[in-house]
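The values are calculated or read from the model by the stated rules, or taken from the named source; none is laboratory data. Owing to the predicted nature of the structure, the values given are computational and were not obtained by experimental measurement. Cβ placement follows ideal geometry from the backbone for every residue including glycine, while neighbour counts extend to all protein chains displayed. Surface accessibility is based on the protein's heavy atoms, side chains included, excluding ligands, DNA and RNA. Shrake-Rupley method; radii C 1.70, N 1.55, O 1.52, S 1.80 Å.
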Amino acid sequence: MAAQPMTSSMQPTDVYGGDEVSAIILDPGYSSVRAGFAGEDTPKSFVNSHYGVSSSGGSYVFGDDTIHNPLANLDIRNPMSKEGVVEDWDAATKLWEYAITSRLTSFKQADPRTNGLNDDMKDADIEMEGVEEGEKPLEEHPLLMTETAWNNPKLREKSIEVAMESWGCPAFWLARNSVLASFGAGKATALVVDVGASTTSVICIHDGLILKKSVQKSPLAGNWLSSQLRSLFSTTDPKVELVPHFMIASKTPVDAGASAQATYRKFEDTPSASFRALEEERVLTEFKESVVQVWQDHRGLKAGTEYARQQPGRVFEMPDGSNQLWGVERYNVAEGMWDSSSALPVPNESAPSKGQTIPEMVKASLAGVDIDIRAHVLQNIVVTGGGTLVSGFTDRLHNELTAMYPGARIKIQAAGLTAERRFGSWIGGSILGSLGTFHQMWISKKEYEEFGTSIIEKRCK
């Protein structure tokens, strides 16, 4: 007699894929945390990595709805270091848990006959407390988490400990974000150029593995562009005042170049310096998205200043209503990423070195790999990260590489959609986590209990 197919309630619980249970992909970074279900196009949950700590009670608040409130008297912090690795595990765990549970999962709905909600209210509080204590947010979902290529073993072990102990995951996997970005672009071998908020990295991937000698990273990324903008604003004539949105009560339209006519909000308790810095960063991000451009000629802006002056300018209106036309200056901001001698001086910061520029990092990365695969990776260059969305970035990269390697065939893959470029490594994780062949790769709860945290070093290369 033929065996009857098992119903979903009878199926074994150690199968972590398919339609029954979707894996959750968690991609934390310095500026944001992306989380969503495997197999989907984009992350459902997108949360700012900055969080607020109230100066009175010391309680944490997460998410854009709360951290941008000037009345809350918040101190703004970030659990990640400037290199994109975790510094504060308590805050990071709470932030990631918020990113997952706020949009993706909620605690399991208990059986209405036994959950105590229909009982006499006298005993309800005590019973509900007992119910809540035993629940863990990810008991039903395997978790695939991303990490940087330079993450150290101690931090890797901590991540599986959090997933298994604090969240109760049935299975876990840790993957390098550069590898996932190349998978997301459909490539197993690639040169991944990733410009994030705090770090720019150039890494060679061969057959899905990082070539360790090719790993290059530099701080010339999105936040560095913001510091270049601050330098530009302070040196232009007239000086541009960076006033964030929360300080403006009302404004009157003015002509280009005229001083602002705005009414400013008054606060009983002045918002903290860290809160103001976060709000200023929002204005700088708008400016980077709409005005800043990369000069496309590989000989640099110095060689083409006259031609750059002839290009039409771009207008930007500040939150206080002041606006002006930005001409050749808008190219100066990003030029230091390609030519360190063109970087604008920033107070209390050392000038970038030549080795931190993108062309030099590509050169160093390729020098660290076998000569036989260099031509292959130059034909598979994957550009990812929000910092690469600056207008003209990929054209400049192509021109630089063509000049550096005149005989080679250069092919750059840069997703046209903004979401795909920003969420490159998350999308790669989503593809990987939904593959049927990947299900045997998961580190199960049983294996973790048997071997402890050290299993992460053995399994996740």
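The requirement of being buried (at least 17 other Cβ atoms within 10 Å of the Cβ), modelled with pLDDT of 90 or more and in a loop (DSSP other than H, G, I, E, B) is satisfied by Tyr30.
Taking the criterion of being under 15 Å from Asn73 (Cα atoms) and either modelled with pLDDT of 95 or more or in contact with a Lys or Arg (Cβ under 9 Å, 6 or more places away or on another chain) (or both), the residues of region 239-269 that qualify are Phe246, Met247.
Here is a check on your reading of the model: is Asn348 touching a His at 6+ places or on another chain (Cβ under 7 Å), open to solvent by 50 Å² or more (accessible area, probe 1.4 Å) and either over 18 Å from Gly304 (Cβ atoms) or part of a helix (DSSP H, G or I) (or both)? No. At least 1 residues being over 21 Å from the mean Cα position of the chain (by Cα), surrounded by 21 or more Cβ atoms within 10 Å (Cβ to Cβ) and touching a residue at least 40 places away in the same chain (Cβ under 8 Å) is the threshold, and among the strands (runs of 3 or more DSSP E) wholly inside region 141-224 those reaching it are 171-176. Would you confirm, using the coordinates I've provided, whether Val215 is of a type in the set (Val, Ile, Thr) and under 20 Å from Glu289 (Cα atoms)? No; evaluated as a whole, the condition is false for this residue.
Any residue at all in region 241-251 that's farther than 30 Å from Glu360 by Cα and small (Gly, Ala, Ser)? Yes, there is a match, as at least one residue in region 241-251 is farther than 30 Å from Glu360 by Cα and small (Gly, Ala, Ser). So, Glu87, is that one surrounded by fewer than 17 Cβ atoms within 10 Å (Cβ to Cβ), without any contact (Cβ under 8 Å) to a residue 12 or more places away in the chain, within 25 Å of Asn151 (Cβ to Cβ) and out of contact with any helix residue (DSSP H, G or I) (no Cβ under 9 Å at 6 or more places or on another chain) or not? Spelling it out, Glu87 is indeed surrounded by fewer than 17 Cβ atoms within 10 Å (Cβ to Cβ), without any contact (Cβ under 8 Å) to a residue 12 or more places away in the chain, within 25 Å of Asn151 (Cβ to Cβ) and out of contact with any helix residue (DSSP H, G or I) (no Cβ under 9 Å at 6 or more places or on another chain). Residues satisfying the criterion are absent from region 435-446 (criterion: within 21 Å of the chain's Cα centre (by Cα) and not acidic (Asp, Glu)). If you go through region 388-398 and pick out every residue that is touching a residue at least 24 places away in the same chain (Cβ under 8 Å) and open to solvent by 10 Å² or more (accessible area, probe 1.4 Å), you end up with 5. Restrict the check to region 63-74 and report whether at least one residue is farther than 22 Å from Val283 by Cα and surrounded by fewer than 14 Cβ atoms within 10 Å (Cβ to Cβ). No, every residue in region 63-74 fails to be farther than 22 Å from Val283 by Cα and surrounded by fewer than 14 Cβ atoms within 10 Å (Cβ to Cβ). Residues in region 263-289 that are buried (at least 17 other Cβ atoms within 10 Å of the Cβ) and touching a Pro at 6+ places or on another chain (Cβ under 8 Å): Pro271, Phe275, Arg276, Glu279, Glu280, Val283.
For region 315-346, residues that are over 25 Å from Met247 (Cα atoms) and not hydroxyl-bearing (Ser, Thr, Tyr) total 16. Number of residues in region 134-147 that are closer than 18 Å to Thr93 by Cβ and touching a Lys or Arg at 6+ places or on another chain (Cβ under 8 Å): the value is 4.
Regarding Gly222, is this residue at pLDDT 95 or above and among the small types (Gly, Ala, Ser)? Yes; evaluated as a whole, the condition is true for this residue.
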